[in-house]
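**Q** Could you have a look at this structure, given as structure tokens, before my questions?
Values in this text are rule-based calculations from the coordinates and carry no lab data. Here the structure is a predicted model, which is why all the values come from computation and not from measurement. Every residue, glycine among them, receives a Cβ derived from its backbone with ideal geometry; neighbour counts consider all protein chains shown.
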Amino acid sequence: MSKKTILLLPAVLFIFYSFRNSAVNLVVYSICIVPLAYVLGEFTSEMSLYIGEKKGGLLAATLGNLPELAMGVWSMRYGMVLMTKSALIGSIISNMLLVLGISIFIGGVKYRQQSFNKIVARTNFNMLLLALSVIVLLASLKSYSSVPGDRLLKVSVIAALLMLSIYILGLIFSLHTHSNLFIVSEVRDEISSNNRKAKQKVGVKILIISVILFIISERLIQNINIVVEKYNVSQEFIGIILIPILGNIGENLSAIISATRNKVNLSLEIAIGSSIQISLFVAPVIIILSNIFGYNMDFIFTGFQIIICAVAVAMSYFVFQDGKTYWLEGAILITAYILISVCYYYMV
């Protein structure tokens with residue numbers, strides 16, 4: 001039996017057992033996500049050998065954000081809109097500060113200095129700045145105008161549709177019309193018939209693990225709702241800290257594993273690509289679905305949430321603007337994340 005199979009066993013077994021105590025269930029489902037996420041990171045890194053780091057990073061980010069999308073939809077169903085919004089912001093700062101920070105720190109300790117494609121980083125940050133601009137504009141519209149709530153909802157839906165459009169255009173740009181700009185030096189196997197079979201096997205394994213993670217995420221959010229109501233826990237703090245870490249743990253581990261293998265381009269694509277998907281795909285989809293099903297969730301965040309999101313994007317941008325990373329830069333990003341978490345803990 002392989003090590004990967006051994007890692008899968010406890011996670012799979014936990015799925016079929018539930019405890020009456022919701023707090024115990026919360027811990028159980030949180031624990032069983034970790035080995036599955038680790039194995040998913042291994043398989044995603046392996047898949048990148050066949051499809052390239054750009055597509056591999058996109059695949060890792062997409063698979064990792066499926067639980068986040070599911071948890072957001074389920075949070076709305078239970079009326080936890082505050083937690084849903086906080087989780088969206090929390091996912092962005094978690095990816096930009098914590099995940100990138102750990103990846104850079106570990107990779108920098110092992111390899112002293114790591115280099116990456118600046119064009120990829122610049123394009124990704126442009127899209128993040130667009131998402132941040134939309135958030136700031138909508139918050140300003142609410143604060144400095146007399147637009148009624150129903151019209152703010154309409155503006156939120158329009159903004160969501162525009163952001164989805166930009167996300168699709170960004171995929172066309174990076175994967176089709178200007179894919180040559182995103183090619184980095186990487187060792188790729190020649191696609192023979194044997195490699196195609198290996199690629200298909202890895203794809204099937206990724207699909208199976210993703211489905212299991214989706215199921216666990218659904219049960220996890222149900223138990224979080226019970227714990228929030230029973231123990232009067234802050235929805236915002238859970239959304240900022242717990243949901244992003246658990247919902248994105250798959251691509252988080254993929255990014256860290258890639259950095260330890262000196263694949264900093266893949267690590268960057270996963271972490272920042274995940275933030276782009278959260279802001280330009282997951283958040284708009286949740287906004288649109290919430291209005292279709294009558295939950296009426298808008299795209300307006302609090303001032304503090306906007307500030308911490310801006311800090312995360314700005315600090316990450318300055319770290320990645322020179323095309324090189326060092327372990328100290330990773331430590332700086334991690335420190336910023338810890339400080340934001342402490343501030344949020346005392347605020348709520």
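**Q** Using just the C-alpha positions of the range 212-348 as equal point scatterers, what log10 of I(q)/I(0) does the Debye formula give at each q in 0.22 1/Å?
**A** -1.65
**Q** Can you sort F237, F304, F105 from fewest to most other Cβ atoms within 10 Å of each residue's own Cβ?
**A** If I rank by nearby Cβ atoms, fewest first, I get F304, F237, F105.
**Q** Using a 7 Å offset from the Cα along the Cα-to-Cβ direction at both I31 and K142, what is the distance between the two label points in nm, to one decimal?
**A** Result: 3.9 nm between the two label points.
**Q** Counting other C-beta atoms within 10 Å, which of E218, E42, E229 has the fewest, and how do the rest follow?
**A** Taking fewest neighbouring Cβ atoms as first place, the list is E229, E218, E42.
**Q** Right, something else. Contour minus end-to-end for V342 and A314, with contour as 0.36 nm per residue of separation and end-to-end as the Cα-Cα distance?
**A** 8.1 nm
**Q** Among Y231, Y337, Y38, Y345, what is the fewest-to-most ranking by other Cβ atoms within 10 Å?
**A** Y231, Y345, Y38, Y337
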